[in-house]
1. Stretch His135-Thr63 to full length: gain in nm at 0.36 nm per residue minus the Cα-Cα span?
2. Note down the Stokes-Einstein diffusion coefficient of segment 1-110 in µm²/s, whole number, using a Kirkwood radius over alpha carbon pairs, 10 °C, and 1.306 mPa s.
3. Which percent of the Cα-Cα distances in segment 138-205 go past 20 Å?
4. Would you work out the charge dipole size for segment 52-190 about its Cα centre, treating the Cβ of every Lys and Arg as +1 and the Cβ of every Asp and Glu as -1, and quote it to the nearest 20 debye?
5. Could you pull out every residue, at least 5 positions away or on a different chain, whose amide H is within less than 5 Å of the one on Ala72? Hs are placed 1.01 Å off N in the peptide plane, and Pro or chain starts have none.
6. If you project the alpha carbons of the chain onto the principal axes, what extent comes out on each, in Å, largest first?
7. Relative contact order of segment 65-155: what whole-number percent is it, with Cα pairs under 8 angstrom and at least 6 residues apart?
8. From the phi angles alone, apply the Karplus equation (6.51, -1.76, 1.60; θ = phi - 60°) to segment 59-72 and give each ³J(HN,Hα) in whole Hz, x where the residue is Gly or Pro.
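Just so it is clear, none of the values below were taken in a lab; they were calculated from the coordinates. Computed from a predicted structure; not experimentally measured. No Cβ is skipped: glycine too gets one built from the backbone with ideal geometry, and neighbour counts run over all protein chains shown.
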Amino acid sequence: MSDPYVLVLYYSHNGATAKMARLIAEGIEQAGLEARLRTVPKVSPETRASAPKVPDSGAIYCTEDDLKNCSALVLGSPTRFGNMAAPLKYFIDGTSSLWLSGSLSGKPAAVFTTTASLHGGQESTLLSMQLPLLHHGMLLVGLPYSESALTETRGGGTPYGASHLAGSDGARPLDGHETTLCRALGKRVATVTRQLLAGAAHVPS
């Protein structure tokens, strides 16, 4: 058995979602667990086209084993018409074998997103991303209002997960509140995961 880790799985088009993923990973590791950053390839309109086995830069592509063996999952995507982007949806749609085996059942999960506009579907995207995680039997983790940045933010930030107002060109940097909430989400997922792992270790076989 490998050491426990939290899988931070995301798709990023302009780089804003990738920046959030790295901040969430920082929060996970500050709370004492390993964070593994993974991404998914683009979906091509050409059915014969295929992505290279290794991306040119950034996180490597996620494998089924990465997902199967994680102790927790944090899922991220830019918003596309109030929903997750097609590449991530395509990947999640291909996880039926993990659903059949129950490999993800009982593990913590959280979600994060970016939008071009302030009212661009942050909350609907986060909620829609949670649905397949519920089907997998995962335990959803959000952001509590004890995080003061949640009530002070003028950009992203929701109780359903971390979010970021990236702007129409994706160039708006994460502000202080958004950064704080990304790290807070990572810490919370890692803390819950460690508590569950510690409890499982004390359950008689």
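1. The span from His135 to Thr63 would gain 23.9 nm if fully extended.
2. Here the translational diffusion coefficient equals 108 µm²/s.
3. Working: 903 of 2278 pairs.
Of all Cα-Cα distances in segment 138-205, 40 percent exceed 20 Å.
4. Rounded to the nearest 20 debye, it is 140 debye.
5. Placed amide hydrogens put Tyr5, Leu7 under 5 Å from Ala72.
6. The Cα atoms of the chain stretch 54, 49, 28 Å along the principal axes, largest first.
7. Details: 114 pairs, mean separation 30.7, N = 91.
Reported as a whole number, the value is 34 percent.
8. Those phi angles translate into 5, 7, 6, 6, 10, 4, 5, 4, 6, 4, 9, 5, 8, 7 Hz.
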